[in-house]
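Novice: I'd like to ask some things about the structure below.
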Amino acid sequence: MTVVITGAGGGIGLVTARELARVGARVVLAVRNVDKARRAVAGMRGDFDVRRLDVADLDSVRAFATSYTGAVDVLINNAGVMDIPAARTAQGLDVQTATNYFGPFVLTNLLLPRLTDRVVTVSSQLHRFGRLDLDDLDWRTRKYNGLAVYEASKLAVVLFSLELQRRLTASGSHVRSVIAHPGVARTGLVTHSPLRFVNRLPFLVQDVEHGALPLMYAATQDVPGNAYVGPDGLFGFTGSPLVRKPSRAGLDGAVAKRLWQATAALTGTGT
């Protein structure tokens, strides 16, 4: 089994890479910092292939997809940023939305012809507070608010999975689209956010090892298409992996279809 994991140089991505490799998967770490990722897996047991991919840079996404010619059994769209200051990518896109949503959208569409089993895209329980503006996905006319952008990008991920699964089913494909969220895991994701205080509240947060469990479950277990996998504890913050339900907004098929169309027009991919 070959698994491609974005953002696997640290945090839950690295734990997921380590554990999947340990049980025999060939793991491709698609990362911005190749040297850091190589150091991270040095000495680990397993078959690792470290390749450069900046998921926020659509040119980098396309270059990765073009250069990677082998089959992919599982794609895990893990790379993400949270509540960062406003910034634009080389293509002029909002960095946070590009990292969390536009990049995974493009990467998935480009690799889809070579995917054999499933796509796992990482969302967040904060998607439940997300608000989308399909006329301003890139935050050009609205006032930028880092946390609101994060919430919207993670709602977009949930809707992306819904529409992707609809399209896969309609085409007769056996590939599945699955969503995973780590609950509240103690990682560097909240470094820039006022929410970083949660890392000091042990009853609300779990370690990175447990945070990676929903990703591994979503990537390996026989879950249905568009399953939403996260911790089974109170509010989905901590616990063992369980298939739960996303927000009602995340199950709106009409909005999911319109979001796909708007994203395809913006990125030039997925039409």
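The values are calculated or read from the model by the stated rules, or taken from the named source; none is laboratory data. Quick caveat, the model's predicted, so the values are computed rather than measured. Quick reminder, even Gly has a Cβ in these numbers, built from the backbone with ideal geometry, and neighbours come from all protein chains shown. When the accessible area is computed, the model is the full protein with side chains, heavy atoms only, and any ligands, DNA or RNA have been set aside. Shrake-Rupley method; radii C 1.70, N 1.55, O 1.52, S 1.80 Å.
Novice: From the set of residues in the range 92-111 that are among the aliphatic types (A, V, I, L, M) and surrounded by fewer than 22 Cβ atoms within 10 Å (Cβ to Cβ), which is farthest from GLU163 (Cα to Cα)?
Specialist: VAL95
Novice: If you scan the range 123-166, which residues turn out to be among the basic types (Lys, Arg), in a helix (DSSP H, G or I) and either surrounded by fewer than 15 Cβ atoms within 10 Å (Cβ to Cβ) or free of Cβ contacts under 8 Å to residues at least 60 places away in the same chain (or both)?
Specialist: LYS154
Novice: Every residue in the range 257-271 that is among the polar types (S, T, N, Q), open to solvent by 30 Å² or more (accessible area, probe 1.4 Å) and not in a loop (DSSP other than H, G, I, E, B), please.
Specialist: Answer for the range 257-271, where residues must be among the polar types (S, T, N, Q), open to solvent by 30 Å² or more (accessible area, probe 1.4 Å) and not in a loop (DSSP other than H, G, I, E, B): just GLN261.
Novice: Inside the range 40-71, can you point out the residues that are among the aliphatic types (A, V, I, L, M) and within 16 Å of the chain's Cα centre (by Cα)?
Specialist: If the condition is that a residue be among the aliphatic types (A, V, I, L, M) and within 16 Å of the chain's Cα centre (by Cα), then LEU53, VAL55, ALA56, LEU58, VAL61 are the ones that fit.
Novice: Every residue in the range 217-255 that is outside any strand (DSSP E or B) and either buried (at least 22 other Cβ atoms within 10 Å of the Cβ) or of a type in the set (S, T, N, Q) (or both), please.
Specialist: Answer for the range 217-255, where residues must be outside any strand (DSSP E or B) and either buried (at least 22 other Cβ atoms within 10 Å of the Cβ) or of a type in the set (S, T, N, Q) (or both): ALA218, ALA219, THR220, GLN221, ASN226, ALA227, THR238, SER240, PRO246, SER247, GLY250.
Novice: What are the residues in the range 104-119 that are out of contact with any Lys or Arg (no Cβ under 9 Å at 6 or more places or on another chain), part of a strand (DSSP E or B) and among the β-branched types (Val, Ile, Thr), if any?
Specialist: THR116
Novice: Let me ask another. Just to check your reading of the model, which residue among ASP94, ASP73, ASP47 is of a type in the set (Asp, Glu), closer than 16 Å to TYR217 by Cα and either in contact with a strand residue (DSSP E or B) (Cβ under 7 Å, 6 or more places away or on another chain) or free of Cβ contacts under 8 Å to residues at least 60 places away in the same chain (or both)?
Specialist: The match here is ASP73.
Novice: Out of everything in the range 35-66 that is part of a strand (DSSP E or B) and acidic (Asp, Glu), what residue ends up being surrounded by the fewest Cβ atoms within 10 Å (Cβ to Cβ)?
Specialist: ASP47
Novice: Take ARG26 and tell me if it is basic (Lys, Arg), modelled with pLDDT of 95 or more, within 29 Å of HIS174 (Cβ to Cβ) and within 19 Å of the chain's Cα centre (by Cα).
Specialist: Here the answer is no, as ARG26 does not meet what is asked.
Novice: Another one. Could you grab me the full set of residues in the range 21-34 that are of a type outside the set (Val, Ile, Thr) and either in a strand (DSSP E or B) or surrounded by 24 or more Cβ atoms within 10 Å (Cβ to Cβ) (or both)?
Specialist: Residues satisfying the conditions are ARG26, LEU29, ALA30.
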